[in-house]
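The values are calculated or read from the model by the stated rules, or taken from the named source; none is laboratory data. Because the structure is a prediction, the values reported are computed rather than measured. Virtual Cβ from ideal backbone geometry, glycine too; neighbours counted across all protein chains shown.
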Amino acid sequence: MKRIVVEGLKYKYPLADSLALNDVTFDIKQGEFIGIIGKNLAGKSTLCQALVGLVPHFYKGAYGGKVFVGGLEVKNHSIADISLKVGMVFQNPFTQVTGSKMTVYEEIAFGLENIGVPRSEIIERIDSVLNLLKIEQVKDHNPFDLSGGQMQRMAIASIIAMKPDILVLDEPTSQLDPAGSEEVFQAIQSLSKQGITVILAEHKMEKIAQYCDRVLLLNNGKVVDFDTPGKVFSREDLEEKGVTAPVYTRVCKALGVKKAGTDEYPVTLEEAERVLRGDGA
Ligand SMILES: Nc1ncnc2c1ncn2[C@@H]1O[C@H](COP(=O)(O)OP(=O)(O)OP(=O)(O)O)[C@@H](O)[C@H]1O
Ligand SMILES: [Mg+2]
């Protein structure tokens, strides 16, 4: 089942000279884990905002085409309605913390109380997201005492507790060290395995290659490609589009070794190892 359908989306910010998104068309099925990649200013964040309705309801500007998310046409529904279907996590977890709650537990409860979820269900949902994101041990801590990785996982937990079936994340690990990034990616992967549709804008290509089912490559607001990591990262014109393939892909490309029986280079450590050891891939 298609969860997201984007048809001919064009968008220009107020006062901007050029389109931030230019005739963007693609669709995403339920449960897919999708990466959005592209050089700086390619349009990744704008596309994330168009999926949650911030474009065009908050940013205004010139808008054309259609975006359907979980059956709702974004243009015709409020951000509040859309937010019941799709949750968004921003780059910096600090911007997503209320700042008024004394504990992680209360922080996660906040959104649920706002939408009137009954007390017993709030407790159930919080226990479940604390477990899912592996932050039970900090549930009584002050949100501002958490590590970056824990804070971002708390931000994701707050969104997931609202039970969206689609999750949009815009560079959720850009503020984190490698260990914190890995914690967050593992958590997102476990959400994906539970059937949540995940769309993630990201500059860390090794992570995209490791976790995503398909990759949407944007350049100057246009879709260049939307395919498996193997296909997208094996493109000859990748550098021209401002994207550097995962290090494993670059090494294998330099050595001229492709995955057995394909025209693709390995994209993960495991694939590279298999090919370089001569086990095929
Ligand atoms: N709030 C805004 N007002 C006006 N123009 C904007 C705004 N945000 C982004 N843009 C423009 O829209 C285009 C796409 O930017 P966007 O932020 O979506 O790119 P991005 O791929 O997320 O880049 P980055 O990798 O740097 O995060 C750029 O030309 C940018 O200048
Ligand atoms: Mg961005």
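Restricting Leu191, Leu217 to those that are part of a helix (DSSP H, G or I) and in the same structural domain as Val168 (by TED's automatic domain parsing) reduces the list to Leu191.
So if I check each of Ser181, Ser192, which one is within 22 Å of Gly71 (Cα to Cα), among the polar types (S, T, N, Q), surrounded by fewer than 24 Cβ atoms within 10 Å (Cβ to Cβ) and away from ligand 2 (no atom under 16 Å from the Cβ)?
Values: Ser181 fails: within 22 Å of Gly71 (Cα to Cα).
Just one listed residue meets the conditions, Ser192.
Of all residue pairs spaced 6 or more apart or on separate chains, those with beta-carbon atoms under 9 Å, a first member in segment 17-46 that is under 19 Å from Thr197 (Cα atoms) and more than 16 Å from ligand 2 (Cβ to nearest atom) and a second member that is outside any helix (DSSP H, G or I) and of a type in the set (Gly, Ala, Ser) are Thr25/Gly8; Thr25/Gly65; Gln30/Gly195; Gly31/Gly195. All of (1) within 16 Å of ligand 1 (Cβ to nearest atom); (2) farther than 27 Å from Asn131 by Cβ; (3) outside any strand (DSSP E or B) hold for Val224 with one exception: (3).
The residues listed here are Val67, Val104, Val86, Val52; of these, the one that is within 26 Å of Ser181 (Cβ to Cβ), within 16 Å of ligand 1 (Cβ to nearest atom) and modelled with pLDDT of 90 or more is Val52. Would you check if there is a residue in segment 28-43 being modelled with pLDDT of 95 or more and in a helix (DSSP H, G or I)? Within segment 28-43, none of the residues are modelled with pLDDT of 95 or more and in a helix (DSSP H, G or I). Among the residues that make up segment 130-147, is at least one of them surrounded by fewer than 24 Cβ atoms within 10 Å (Cβ to Cβ), among the hydroxyl-bearing types (Ser, Thr, Tyr) and at pLDDT 90 or above? Yes, there is a match, as at least one residue in segment 130-147 is surrounded by fewer than 24 Cβ atoms within 10 Å (Cβ to Cβ), among the hydroxyl-bearing types (Ser, Thr, Tyr) and at pLDDT 90 or above.
Looking only at residues in segment 168-224 that are modelled with pLDDT of 95 or more and among the small types (Gly, Ala, Ser), which one is farthest from the chain's Cα centre (by Cα)? The extreme case among them is Gly221. Against the criterion of being surrounded by 14 or more Cβ atoms within 10 Å (Cβ to Cβ) and either at negative phi or of a type in the set (Gly, Ala, Ser) (or both), Pro266 qualifies. For the residues Glu240, Glu236, the requirement of being part of a loop (DSSP other than H, G, I, E, B), without any contact (Cβ under 8 Å) to a residue 24 or more places away in the chain and not β-branched (Val, Ile, Thr) singles out Glu236.
Scanning segment 165-180 for residues that are more than 16 Å from ligand 1 (Cβ to nearest atom) and within 15 Å of Leu200 (Cα to Cα) yields Asp165, Ile166, Leu167. In the set (1) surrounded by fewer than 17 Cβ atoms within 10 Å (Cβ to Cβ); (2) assigned to a loop (DSSP other than H, G, I, E, B), the condition left unmet by Leu19 is number (1).
Give the residues of segment 216-263 that are of a type in the set (A, V, I, L, M) and surrounded by fewer than 17 Cβ atoms within 10 Å (Cβ to Cβ), sorted by residue number.
Within segment 216-263, the subset of a type in the set (A, V, I, L, M) is 216-218, 223-224, 232, 238, 243, 245, 247, 251, 254-255, 257, 260.
Val247, Val251, Ala254, Leu255, Val257, Ala260, listed by residue number.
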